[in-house]
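Notes follow once the structure below has been shown.
The values are calculated or read from the model by the stated rules, or taken from the named source; none is laboratory data. Owing to the predicted nature of the structure, the values given are computational and were not obtained by experimental measurement. Positions of Cβ are backbone-derived with ideal geometry, glycine not excepted, and every protein chain shown enters the neighbour counts. Just the protein is used for accessible areas: all its heavy atoms, side chains included, with ligands, DNA and RNA removed. Shrake-Rupley method; radii C 1.70, N 1.55, O 1.52, S 1.80 Å.
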Amino acid sequence: MSKLNLQTLFRSEVLALSAYHVADAQGFIKLDAMENPYTWSNNLKLTWLARLKNCPLNRYPDPEARELTAMLKTLNQIPDNIELLLGNGSDEIIQLLLMALPENSHILSTTPSFVMYKQISDSLGLNYHGVSLRADFELDLPAMLAAIEHHNPAIIFLAYPNNPTGNLFDVEAINKIIDAANGLVIIDEAYEPFANNASFINRVANNVLVMRTVSKLGLAGLRLGYIAGEREIIEQLHKIRLPYNINVLTQTTVQFALEHKDVFDEQTAAICAGRTLMLNELNALDGITAFESAANFILFKTPENQATKIFEAIKTQGVLIKNVHPQGGLLTDCLRVTVGTPDENQAFLRALKSAL
Ligand SMILES: *Cc1c(COP(=O)(O)O)cnc(C)c1O
């Protein structure tokens, strides 16, 4: 390393970043990352493996993933005049969107929100602004409109439902933000399967794009996200994506999985039922306030200055959740738990009770 001067070799915004930290979950009941806890029946796995057998691993995959794209368009009822772009997870799509912007562009979202909006903006040297939500986690519309006026953001990200708060923002407030925006408004519907049909998918036109992923549905390991938007916008993004960004195993497997959408619908229903139970059980605990969620996780508030201690005590009992208290602001004293199987949820609740 003696020859290298990293300080001049890399961009200053890269040097200033801290890596996105993913906790080591080995051996834990894993309720930290909004994964679907259910797997497939053995029969389904065998049918899937038979399909994979014919995957031409020696060939590059279809660079446009045409079959999969057509299937996603049908399943998501995307009109013909709207195009889809597929990404290696919706994280990659966020990166593509931000990479396409001029230097010095401004990005707007809420605080708290999905951390990758800021992480990727920072890595590219863009100007990220997070407008604080109200205490009830609703959009602060006057503050959002003022920020739009002041920064003229090239992109506004709104997670709907929001992560990590779990709520759906007021539709009228979002409409006003769309009207005021001169740039793109990305409605990030990562949790759409759990949101009881709340969606902006019918609003995709002009500057409004809707982004979804198969990750939270139960295919997080495959890495597939997609975004719907006007052809002229999607065309620009295609120019900067890597040609084979969706590998052949992902293309084949997501197609196979979506042919068996009923399996996922059942799992989603079980997760939503678990969410209701968990919310009630959390709110029955002394000192805990759990917030309504339209996603597959629940944010809850612990007694003052106890969040990290409680998080650690739960972890000691073999259950990994997410400590969002260090993010501060509205998340002070808060922890986030993913809804798992009934057994996992009970294990978590037992661990929490004994930690209180
Ligand atoms: C999990 C999550 C994503 C990322 O999804 P991937 O497709 O797995 O990259 C995007 N947006 C929000 C709000 C999320 O919570």
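Observations, loosely collected:
Condition check ((1) away from the ligand (no atom under 11 Å from the Cβ); (2) open to solvent by 50 Å² or more (accessible area, probe 1.4 Å); (3) β-branched (V, I, T)) across all residues:
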{"site": "E189", "(1), (2), (3)": "no, no, no"}
{"site": "N206", "(1), (2), (3)": "yes, yes, no"}
{"site": "K216", "(1), (2), (3)": "no, no, no"}
{"site": "Q236", "(1), (2), (3)": "yes, yes, no"}
{"site": "Y244", "(1), (2), (3)": "yes, yes, no"}
{"site": "N247", "(1), (2), (3)": "yes, yes, no"}
{"site": "T250", "(1), (2), (3)": "yes, no, yes"}
{"site": "T253", "(1), (2), (3)": "yes, no, yes"}
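- Taking the criterion of being of a type in the set (G, A, S) and either open to solvent by less than 40 Å² (accessible area, probe 1.4 Å) or within 13 Å of the ligand (Cβ to nearest atom) (or both), the residues of segment 67-123 that qualify are G87, G89, S90, S105, S109, S113, S121, S123.
- Among the candidates E235, E292, the residue that is outside the structural domain of D136 (by TED's automatic domain parsing), touching a residue at least 24 places away in the same chain (Cβ under 8 Å) and over 14 Å from P193 (Cβ atoms) is uniquely E292.
- For segment 218-270, a residue qualifies if it is over 30 Å from N42 (Cα atoms) and of a type outside the set (A, V, I, L, M), and the qualifying residues are G229, E230, R231, E232, E235, Q236, H238, K239, R241, P243, Y244.
- Residue in segment 56-68 that is touching a residue at least 24 places away in the same chain (Cβ under 8 Å) and in contact with an Asp or Glu (Cβ under 9 Å, 6 or more places away or on another chain) present: yes
- Any chance Y128 is aromatic (F, W, Y), within 16 Å of the ligand (Cβ to nearest atom) and closer than 28 Å to A195 by Cα: yes
- Filter result (over 13 Å from the mean Cα position of the chain (by Cα), of a type in the set (A, V, I, L, M) and within 12 Å of the ligand (Cβ to nearest atom)) within segment 220-234: L222
- Qualifying residue in segment 309-322 (condition: in a strand (DSSP E or B), open to solvent by less than 60 Å² (accessible area, probe 1.4 Å) and in contact with a strand residue (DSSP E or B) (Cβ under 9 Å, 6 or more places away or on another chain)): yes
Results for (1) of a type outside the set (S, T, N, Q); (2) more than 30 Å from L330 (Cα to Cα), shown as yes or no for each residue.
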| position | (1), (2) |
| --- | --- |
| P193 | yes, no |
| V210 | yes, no |
| G218 | yes, no |
| I246 | yes, yes |
| A257 | yes, yes |
| A269 | yes, no |
| N280 | no, no |
| A284 | yes, no |
| A290 | yes, no |
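- The residues in segment 261-286 that are assigned to a helix (DSSP H, G or I) and either open to solvent by 70 Å² or more (accessible area, probe 1.4 Å) or among the hydroxyl-bearing types (S, T, Y) (or both) can be counted, and the count is 8.
- Taking residues in segment 312-335 that are within 17 Å of M278 (Cβ to Cβ), and partners anywhere that are surrounded by fewer than 18 Cβ atoms within 10 Å (Cβ to Cβ) and of a type in the set (D, E, K, R), the pairs with Cβ atoms closer than 7 Å and at least 6 places apart or on different chains are L320/K30.
- Selection status of L46, aliphatic (A, V, I, L, M), open to solvent by 90 Å² or more (accessible area, probe 1.4 Å) and not assigned by TED's automatic domain parsing to the domain that holds I240: yes
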